[in-house]
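Worksheet for the structure shown next.
Derivation of every value follows stated rules applied to the coordinates shown; laboratory data play no part. All figures in this text were calculated on a predicted structure; none of them were measured in a lab. As a convention, Cβ positions derive from the backbone with ideal geometry for all residues, glycine included, and neighbour counts pool all protein chains shown.
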Number of protein chains: 2
Amino acid sequence: MAAAQGVRLAGTPNKDAPMTEPLRRKRGGRGGNTRRSDTRAIQQLPWEMLELIDRPTEPLSEEGVRAIDGAAMRILSEIGIDFLHEGARAHLKAAGAEVEPGGVRVRFDPAMVREFTARAPSRFTITPRNPERTVTIGGRIQVNGNVASPPNYSDLEGGRRPGTRAAFRDLLRLSQYFNCIHLMSGYPVEPVDLHASVRHLDCLYDKLTLTDKVCHAYSLGVERVEDAMEMVRIAGGLTEEEFAATPRMFTNINSSSPLKHDWPMLDGAMRMAARGQMVSVTPFTLAGAMAPVTLAGAIAQQTAEALAAIVLLQAIRPGTPVVMGSFTSNVDMKSGAPAFGTPEYMRATQMSGQMARFYGLPLRASNACAANCPDAQAAWESAFSLWAVQSAHANLVYHAAGWLEGGLVASLEKFVMDCETLQQMAAYNRPIGVTEEDLAVEAIAEVGPQGHFFGVAHTQARYETAFYAPFLSDWRNFETWAESGAVRTPERANAIARKILAEFEPPALAEDRREALADFVARRKAEGGAPTDF
Amino acid sequence: MAAAQGVRLAGTPNKDAPMTEPLRRKRGGRGGNTRRSDTRAIQQLPWEMLELIDRPTEPLSEEGVRAIDGAAMRILSEIGIDFLHEGARAHLKAAGAEVEPGGVRVRFDPAMVREFTARAPSRFTITPRNPERTVTIGGRIQVNGNVASPPNYSDLEGGRRPGTRAAFRDLLRLSQYFNCIHLMSGYPVEPVDLHASVRHLDCLYDKLTLTDKVCHAYSLGVERVEDAMEMVRIAGGLTEEEFAATPRMFTNINSSSPLKHDWPMLDGAMRMAARGQMVSVTPFTLAGAMAPVTLAGAIAQQTAEALAAIVLLQAIRPGTPVVMGSFTSNVDMKSGAPAFGTPEYMRATQMSGQMARFYGLPLRASNACAANCPDAQAAWESAFSLWAVQSAHANLVYHAAGWLEGGLVASLEKFVMDCETLQQMAAYNRPIGVTEEDLAVEAIAEVGPQGHFFGVAHTQARYETAFYAPFLSDWRNFETWAESGAVRTPERANAIARKILAEFEPPALAEDRREALADFVARRKAEGGAPTDF
């Protein structure tokens, strides 16, 4: 071992160990030098989907789950859901639902809901253009997507401002760089400097060239979703048959709560389902505003709204991969503003997990917060959200990195901070060994009451990998930290983001596919893109 | 209802609802005005012990628990523990332990460990001078104590500096004020401007006059612990028999890991046990430094060290209320500094919970972090620690509010921030209703697809109490927050602390008891206090 490496306790400066520098010690028994190249911005965990090892937290009893299911079935059968899409109503009518004559209201027999819901797979994969980035949705697997759809962007240099393509691309690069981000969800920031008619073309081009992870399409009108599917097909070098044979991408739709599915979302979801692509259905059920003020009532309504769309998608194509989305939270009853990362948000997410498992569906939830800047409030709200998605066994974590202000801004620094805590969640899910070697009684006997564990073979054989090593936390003592400028978390996160962006190299993409993508974008732009009156 | 109160979504300023102002609406059905006096610094939750409603998280299988128990028994029987106290060794020898002739090493037969450990109650109460502040230790109850023993204090006005009696008193006032702080543990900051020989007298006087919650005594030599017990007896107006009849206070001792119990801690614990007072035994088992680098090994050693002292205390007085303490965390293997709020800390705490329940003992753990300032890192580390104590079913949460820098500083702002998250943990543990009324199908039918829930009776009857209302989080939209100065969490926490301190009124204490306490302090000071060479 490196003789200079003793164990120092708090109060002893150690200026030789800057936070982001990889370990420089030789690994005993290998003889190799594990020193990493200085061009690596940070030491991060490898690409790996998170497998949750704890039991889910279940605030509802079995009877409670059945009571919410019963309420959801009453909502679906007695009250009904408005479908503002003629084709959707036709599909549902053909499938046996009761469509109000001349109206938009659809009522569902509970037996029909169960029959169609049962067609949905409880676990499936999505394969992007780089098959090594295939993700599994379902079971005990949890995958993370970047923050989606904020209109604003912020970083420490420029403050808060409307999103641009430059910011959009930077956030794509971070999403590609961090292994704890498993898929690309909606635009990490809305690039409002791109005209809405062609924005989706440039954005998809950027996504498919700057990243090789699973892609998302917005369900905002016919052209956008069709263009997105076509571009994903081109980037993957797939025939139409290959594209439709297995999930390659996904969309997320929101109901217009209470009790309504709008045309653009339905239309996009139906097009995706028809070609076998994944749809996440996420009701926008803020308790006290668009849903009952009681959590049980809000989750019953969320469940009903989600199942209504899921039945439609299963009617269109049995076996369509779908995800039940939970976005239920409370509103601040003083201001009406949505709140996130609250105790109620946690419980709603866990209850949603119970309902999703009851129907055999994967769950989507979010790493959300209400704070206006990446300070302590943002951190505790996001930490509470992360414990919610962890304990709920959410399969798809939307907005996993970068979200601030209830989703109104994408923060560069928050993105990096969230990746730190996402990595910690991954480390938390490492199984704990209890072999004879792990129990270490021999090592304890060897050290005895006068000794120290750092020097013994048991420690030396394990110390490099025994503990999770954060890339963002500063664990130096106060004096060292203060002498080096007392740099706080957001400033450290900013420096890391800049280093990552400076070093970023896009993933490989065959030149012919890149050209085909560019040609497609050029052609569709020449045709005028998509209508902007959605 | 107040007609002006519509629901506003994010993006709409609401300047009429400053964060710390209580709700001003009339409560429907009561007719009374619930407006609170403006002299109330914040709206906080009532005094109430937390009852945990989730199952504990159990990273170890049943076999894993037995394996760690087996390793602990091997440590106790084969390796042994050093007891640097002749009286302790004599007690243990009389109880059947094997004391090394002429030495300090004590070995324990596993059957003897089980027999004596079984004498400890799994649940008990501690009654302070105000019986309304009685706390329960054990079962599913969780109680919180203030940060204990940092040498330094920090606030935004004065920065970081050595602790003083003035800072000590301010932190006592906050500990008394916040209902989520259930008991007073060690000094919230070490008042180094008081001479060490008499510090305990002034500190206990301050504690017993500025607060009426359960008190702690340091086990740092004969005089300190005896003086503390006497002062608690005087403040409670108790006879010696009454004092010794039921737990009135507590001490916490740490083993000098690895495998050693030192004289001052043992002596204090033995004196407390002899008079029926509670002792928490917390080994200082940082994995990789004073304990094995493997979590299973560190917890085995922690368990052995804790049980060794618990056997001693049960030998001295069967039924002595004891708590098994967990402080196991990892060290930063780059610098040797202890880390807290890490994935390993969480798992170690949960494993400790499993071991404590295996032996039928209450568990102590901590709300710890390593960060140097109350920023995002501090918040996520503390949030992770809080989820550790929650999911481990810790009964006594040490350092629940105010801890920073691995315990080297007590932060005024962090204290208030922690109380916010402690309140959120309490709200998280409210049971969730699933009655017909909670399911709200009628309200959903009433609102229908075009409506909004704020106006309906179902919401109006519940909105004031439906959701937890934070006192520190700022949920206003960005524009309003920015216009009002973009005040961040620590600055908001500081303002709240100052308001609380300005309004603070000490709890009632009969004048004769106060005088008796003052007389005792004066007499003991005249006698010279306590030796300072411990």
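With a cut-off of 13 Å between beta carbons, the residues surrounding residue B:240 carry a summed charge of -1, where Lys and Arg count +1 and Asp and Glu -1.
Each residue, residue A:452 and residue A:525, gets one label point 7 Å from its Cα in the Cβ direction; the gap between the two is 6.3 nm. Each label point was placed 7 Å from the Cα along the Cα-to-Cβ direction; for residue B:166 and residue A:491 their separation is 2.8 nm. Mean partner shielding of peptide B:341-348, defined as the number of other chain Cβ atoms within 10 Å of each residue Cβ, is 5. Restricting the calculation to Cα atoms, chain A shows an Rg/Rh of 1.00 when the hydrodynamic-style radius is the Kirkwood one. Each other copy places its own label point for residue B:115 at 7.0 nm from this one, sorted shortest first, where the point lies 7 Å along the Cα-to-beta carbon line.
Pairs of Lys residues in chain B are counted when their Cα atoms are under 30 angstrom apart and they lie 8 or more places apart or on different chains; the count is 14. If the segment from residue B:514 to residue B:47 were pulled out straight at 0.36 nm per residue, it would be longer than the present Cα-Cα gap by 165.7 nm. Computed over the Cα atoms of the protein assembly as shown, the ratio of the radius of gyration to the Kirkwood radius (Rg/Rh) comes to 0.99.
Annotation: amide H of residue B:125 within the under-5 Å range of B:137, sequence separation 5 or more or interchain, hydrogens built in the peptide plane. The HN-Hα couplings worked out from phi for the stretch B:416-433 by the Karplus form 6.51 cos²θ - 1.76 cosθ + 1.60 (θ = phi - 60°) are 5, 4, 5, 5, 4, 6, 5, 5, 5, 5, 5, 5, 4, 8, 6, x, 9, x Hz, whole numbers, x standing for Gly and Pro. Helix A:295-316 and the longest principal axis of the C-alpha atoms of chain A enclose an angle of approximately 70°. The mean count of C-beta atoms from other chains within 10 Å of the C-beta of residues in B:367-374, rounded to a whole number, is 5.
Secondary-structure-derived ellipticity at 222 nm for the protein assembly as shown, considering helices only, amounts to -12500 deg cm²/dmol, per-run term -39500 (n - 2.57) for DSSP H runs with n ≥ 4. Taking K and R as +1 and D and E as -1, what net charge do the other residues with C-beta under 13 Å from the C-beta of residue B:298 add up to? Result for the local shell: -1.
When only alpha carbons are used to place a centre, the stretch A:293-368 and the stretch B:351-428 end up 30 Å from one another.
Angle of helix A:489-503 to the longest C-alpha principal axis of chain A, folded into 0 to 90 degrees and rounded to 10: 80°.
With K and R counted +1 and D and E -1, the other residues having a Cβ less than 10 Å from that of residue B:469 yield a net charge of -1.
Plainly put, the tip 7 Å out from Cα toward Cβ on residue A:47 is 5.8 nm from that tip on each other copy, the closest given first. Whole-Hz Karplus values for the stretch B:205-219 come out as 4, 4, 4, 7, 9, 8, 9, 10, 9, 3, 9, 10, 10, 6, 8 Hz, taken residue by residue from phi with 6.51 cos²θ - 1.76 cosθ + 1.60 and θ = phi - 60°; glycine and proline positions read x. The 3J(HN,Hα) values that the Karplus relation (6.51, -1.76, 1.60; θ = phi - 60°) gives for the stretch B:367-377 are, in residue order, 9, 10, 7, 10, 4, 8, 8, x, 9, 4, 4 Hz. Gly and Pro appear as x.
For the stretch A:37-106 versus the stretch A:453-499, the spacing of their alpha-carbon centroids is 41 Å.
Applying the criteria of a DSSP loop state and at most 10 other Cβ atoms within 10 Å to the GluC sites (Glu not before Pro) of the stretch A:394-486 yields no site. Here is how far apart the residue A:263 label points are across copies: 8.8 nm, shortest first, using a point 7 Å from Cα toward Cβ. Close amide-amide hydrogen proximity is noted between residue A:529 and no other residue 5 or more places distant or on a separate chain, at a cut-off under 5 Å (H modeled in the peptide plane; Pro and chain starts excluded).
Basic side chains Lys and Arg get +1 at the Cβ, acidic Asp and Glu get -1 at the Cβ, and with that the dipole of the stretch B:199-311 about its Cα centre reaches some 320 debye.
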